[in-house]
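Structure, as C-alpha cells:
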Amino acid sequence: MKHEELIIQAEALAEAIKNAPQEDKLDLHQQLHCKLQTIKTEGGNVPASLKTFDMELLDEEVEALFDNMPV
C-alpha cells in the first residue's frame, strides 16, 4: 500500500479517535499506532501532526494507569 494511502487512513483514524467515546479510544489508538509504524517501516515519513497526536494519546493512556494506583 502506498504511503499516501496509509497517511489518509491514519488521519481518518485520528479524527475517529477525537470523536470516539473514551472506551473506544484505546483500540482506535492501537490501530493508528500500527499504521504509523507501517509507514515508518516501509520508509515513509509520518506527518508531525500524527506523531504528536500519537504521543499525546500514549501519554494519556500512561497517565490513566497511574490514576487508578493506590497511594
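Tell me the relative contact order for the chain as a rounded percent, counting alpha carbon contacts under 8 Å between residues six or more apart.
On the way: 38 pairs, mean separation 23.1, N = 71.
That works out to 32 percent.
Shown in residue order for the stretch 19-30 are the 3J(HN,Hα) couplings computed by the Karplus curve 6.51 cos²θ - 1.76 cosθ + 1.60 at θ = phi - 60°: 9, 7, x, 3, 5, 9, 5, 4, 4, 5, 5, 4 Hz (x for Gly and Pro). Taking the square roots of 5 times each eigenvalue of the Cα gyration tensor of the chain, largest first, gives ellipsoid semi-axes of 25, 13, 9 Å.
Rule-based calculations on the coordinates, nothing more; no lab input. Nothing here was measured: the structure is a model prediction, and the numbers come from that model.
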